[in-house]
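Visitor: Got a structure for you, questions after.
The values are calculated or read from the model by the stated rules, or taken from the named source; none is laboratory data. Note that the coordinates shown come from a computational prediction; the quantities given were computed from them, not determined experimentally. Neighbour counts are summed over all protein chains in view; Cβ atoms, including those assigned to glycine, are modelled from backbone coordinates with ideal geometry.
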Amino acid sequence: MEIKLNNKAKTKVRLLAFPASEEIAQKRRRKARKENKNPPSSDYLELLGWSIYLTTVGKETANAEKIFGLYKLRWRIEIIFKSWKSNMAFDRVHNVSKIQLWVILWSRFIMIIICTQFVYTPCRLLIKAGLNKDLSLMKVTHYLIRHPQKIILILKELQKQGKPSPTVDILAKYCSYDKRKRTHYQEDLQLIYC
C-alpha cells in the first residue's frame with residue numbers, strides 16, 4: 001500500500017509486508033521476550049511474524065518480490081563489513097600513535113584487497129566453473145587470516161590458469177556455502193538481475 005511519512009514533505013512511500021517463516025517469527029519472538037524488560041504486547045509479537053519494508057521505488061520499477069530480493073542483496077554490505085571486523089581485527093585496534101594507527105589500517109586494507117580481489121574473486125569463478133560450488137566471502141576471509149601462508153600458494157596456483165589445484169580445492173572444501181534450503185548472495189543476485 002502507499003502511505004505518507006510523518007515528515008515535513010509528507011513523502012509518499014510504499015509499505016510492503018511479507019509473512020516471515022514460522023521459524024524466523026519464533027526466533028524474533030524469543031529474542032523480543034529475552035531483550036525486553038517488560039513482556040512484549042501480543043500485537044507486537046504478532047508483527048514479528050512479518051517482514052515490513054518501506055520504499056520509494058514505484059510498482060512500475062519493481063514489484064514486491066523484487067524489492068524483497070533487493071533487500072536480501074543489501075545484506076551483502078553487512079557481510080562484507082562483518083568479515084572485515086571479525087577477521088581483520090578492526091575491532092581490536094588498541095591505543096596507538098597516529099602513525100601506528102595509519103600503518104595498521106593501511107595494512108589491513110591492503111589485506112582486504114588481497115583477500116577479496118586477488119584470492120576470493122578469481123577462486124570463486126574457478127571453483128564455480130570447475131566444481132560447481134559457491135565460495136563464501138566470510139569463510140574465505142576467515143580461512144586466509146588463519147592460514148596466511150596459503151595466500152602465496154593460492155596466488156601461484158591461480159597464475160597457472162586452468163582447473164582447480166590442491167590448495168584451491170582445499171579452499172573449495174572448507175570455504176564453500178553449505179548445502180542449505182535458503183539462498184546465498186550469488187543465487188540472489190542471479191534471481192534479481194537475470
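Visitor: What are the pairs with Cβ atoms under 6 angstrom where one residue, in the range 149-164, is within 17 Å of Cys175 (Cα to Cα) and aliphatic (A, V, I, L, M) and the other, located anywhere, is buried (at least 17 other Cβ atoms within 10 Å of the Cβ) and at pLDDT below 90? Sequence gap at least six, or different chains.
Guide: Here the result reads Leu153/Thr167; Ile154/Thr167, each pair linking the range 149-164 to a residue that is buried (at least 17 other Cβ atoms within 10 Å of the Cβ) and at pLDDT below 90.
Visitor: Same structure, new question: Scan the range 141-165 for residues that are at pLDDT 85 or above and either of a type in the set (A, V, I, L, M, F, W, C) or farther than 22 Å from Met111 by Cα (or both) and jot them down.
Guide: Passing the criteria: Leu144, Ile145, Ile151, Ile152, Leu153, Ile154, Leu155, Leu158.
Visitor: Those residues that are free of Cβ contacts under 8 Å to residues at least 40 places away in the same chain, assigned to a strand (DSSP E or B) and not aliphatic (A, V, I, L, M), I need them from the range 13-37; list them, please.
Guide: Matches in the range 13-37: Pro19 only.
Visitor: Still on this structure, please answer the following. Condition check: in a helix (DSSP H, G or I), touching a residue at least 40 places away in the same chain (Cβ under 8 Å) and not assigned by TED's automatic domain parsing to the domain that holds Glu23. Does Leu105 satisfy that?
Guide: Answer is no for this residue.
Visitor: Let me ask something additional. Just for the range 136-154: of the residues that are loosely packed, with under 15 Cβ neighbours inside 10 Å and assigned to a helix (DSSP H, G or I), which one is nearest to the chain's Cα centre (by Cα)?
Guide: Only one residue tops the list, namely Arg146.
Visitor: Restricting to the range 116-135, count the residues that are within 19 Å of Ile77 (Cβ to Cβ) and either surrounded by 20 or more Cβ atoms within 10 Å (Cβ to Cβ) or not acidic (Asp, Glu) (or both).
Guide: Total satisfying the criteria: 6.
Visitor: If you don't mind, another one. Just give me the residues in the range 106-115 being within 14 Å of Leu158 (Cβ to Cβ) and either β-branched (Val, Ile, Thr) or surrounded by fewer than 18 Cβ atoms within 10 Å (Cβ to Cβ) (or both), in sequence order.
Guide: Matches in the range 106-115: Ile114 only.
Visitor: Can you tell me which residues in the range 88-102 are out of contact with any Lys or Arg (no Cβ under 8 Å at 6 or more places or on another chain), surrounded by 11 or more Cβ atoms within 10 Å (Cβ to Cβ) and in a helix (DSSP H, G or I)?
Guide: Gln100, Leu101, Trp102
Residues are listed down the side, and each one gets a yes or a no for (1) touching a residue at least 60 places away in the same chain (Cβ under 8 Å); (2) over 30 Å from Met111 (Cβ atoms); (3) surrounded by 10 or more Cβ atoms within 10 Å (Cβ to Cβ); (4) assigned by TED's automatic domain parsing to the domain that holds Ile24:
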| site | (1), (2), (3), (4) |
| --- | --- |
| Pro39 | no, yes, yes, yes |
| Ser42 | no, yes, no, yes |
| Leu45 | no, yes, yes, yes |
| Leu48 | no, yes, yes, yes |
| Ile52 | no, yes, yes, yes |
| Ala62 | no, yes, yes, no |
| Glu65 | no, yes, yes, no |
| Phe68 | no, yes, yes, no |
| Lys72 | yes, no, yes, no |
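Visitor: Give the residue, chosen from Lys133, Lys128, Lys85, that is closer than 23 Å to Gln159 by Cβ, among the charged types (D, E, K, R), part of a helix (DSSP H, G or I) and free of Cβ contacts under 8 Å to residues at least 60 places away in the same chain.
Guide: Matching residue, one of Lys133, Lys128, Lys85: Lys128.
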